[in-house]
1. Express the C-alpha Rg of the range 4-160 as a ratio against the empirical globular expectation 2.2 N^0.38 Å, rounded to two decimals.
2. For the charge dipole of the range 4-160, defined by +1 on Lys and Arg C-beta atoms and -1 on Asp and Glu C-beta atoms about the Cα centroid, which residue among ILE5, GLY115, PRO140 has the Cα displaced farthest towards the positive pole?
3. Quick check on the chain: helices-only [θ] at 222 nm, where DSSP H runs of length 4 and up contribute -39,500 (n - 2.57) each and the sum goes over total residues. Nearest 500, please.
4. Measuring from label point to label point, each 7 Å out along Cα→Cβ, what is the SER235 to THR303 span in nm?
5. May I have the convex hull volume per residue, in Å³, for the Cα set of the range 203-329?
6. Any chance you could give the angle, 0 to 90 degrees and rounded to 10, that helix 35-53 forms with the longest Cα principal axis of the chain?
7. What does the charge add up to near VAL216, with Lys and Arg as +1, Asp and Glu as -1, over the other residues with Cβ less than 11 Å from its Cβ?
8. So how strong a dipole does the chain carry about its Cα centre when Lys and Arg Cβ are +1 and Asp and Glu Cβ are -1, to the nearest 20 debye?
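Read the figures in this text as sums done on the coordinates, not as results from a lab. Keep in mind that this is a model prediction, so the values were computed, not measured. All Cβ positions, glycine included, derive from the backbone under ideal geometry; neighbour counts span all protein chains shown.
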Amino acid sequence: MTKGIDPWEVFVCHVPANAQSPVYSGLPLRLPLKPDEIATVLDAKVTRYFETLSNGMYQPQFSAGGEVTIGVKDEPQACVDEALAQSSDRAHGVIVIADAEHNSTQPGGFGNPGGACAVPPCRASATRRSAYVGAADFSPDWGDQPPMDLIEHEIGHALGWPHSGYDESAAEPHRSALDVMGDSAAPRAVHPARRDAPDTLAINRLAAGWMPTSAVAVIPRSGSTVTLAPSNGSSGTRLAVIELHDHRFITVELLTATGFDDHLPGSGVAVHLIEGNDATRIQTPLVGEPPYDHLLTAGQTLTSHGWTITVGGGWGATLQPVAGRPTVTG
């Protein structure tokens, strides 16, 4: 469910004060959250975010679902299970907000795109499509401006998107500032008043059906020339793809330091190694070091995986073989 109106139901999960799960244990705060109030906030802010990302092709809509309570020994997944069981036939997904914060060593949430069904779109209780976050982003400390970036990240997972620039060995594994599926709070680190996540990569738009194949230039081994348009736009060549072999390729796209990407130091060309299929896709930035926010600009060159990418004026991309292997120059 990545196009058109997408009905989500919002549930609040009540966590016992003596919860034993390491996610919640030792944290006494329980917030008086209300599903209808949360749904109103999400409908105003998260809907706008995804409408912008999709150029109007995807509109999540949020309504109150209800409240659920889990047991002392239950894990967060129990919140989702209870919400799915109570969701209505109308809901294509459920989003669950716990009334308890998470311990700092625990993930803030998770998302699930759910399984296939015979005649989609199908109700959430059949597909198990869901998103879940803890209470931290709805703390009174945020006043009437709670951050939406983590929720936007988890809904991204529910759309089928994988992490970007993820390193499970790092203390903070979400290391890329270039994608909602990386460090979703990266814009807030630069602009404290920001509440939305970064934009998303062209590969995610393509997977969601928000980018036509006509916007993708598949680079032949003999070389080619392309001019890149911003990947968050609606026209032109928005993505160049270099095939390495089956299920392994390089993506080249132009990111502009505007809109949801106004936290970037400047506009430039992002390069990613993409491995696997939609179910197991790994998206690794190839330019610079974490948070990967310095992109290739005019006159700069990157050589990786047998290709050379050199950025020229006007964001043109000329591709030539180097040392017997295809080369990208732009």
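1. Numbers: Rg = 14.8 Å, N = 157, 2.2 N^0.38 = 15.0 Å.
The reported ratio for this selection is 0.98.
2. Selected residue: GLY115.
3. Working: 6 runs with 56 residues, N = 330.
The helix-only estimate for the chain comes to -5000 deg cm²/dmol at 222 nm.
4. Label at SER235, label at THR303, 3.9 nm between them.
5. 108 Å³
6. Helix 35-53 and the main axis of the chain meet at about 10 degrees.
7. Working: positive: ARG205, ARG238; negative: GLU253.
Combined, the nearby Lys, Arg, Asp and Glu give +1.
8. On the way: 20 positive and 36 negative charges, 190 e Å.
About 920 debye.
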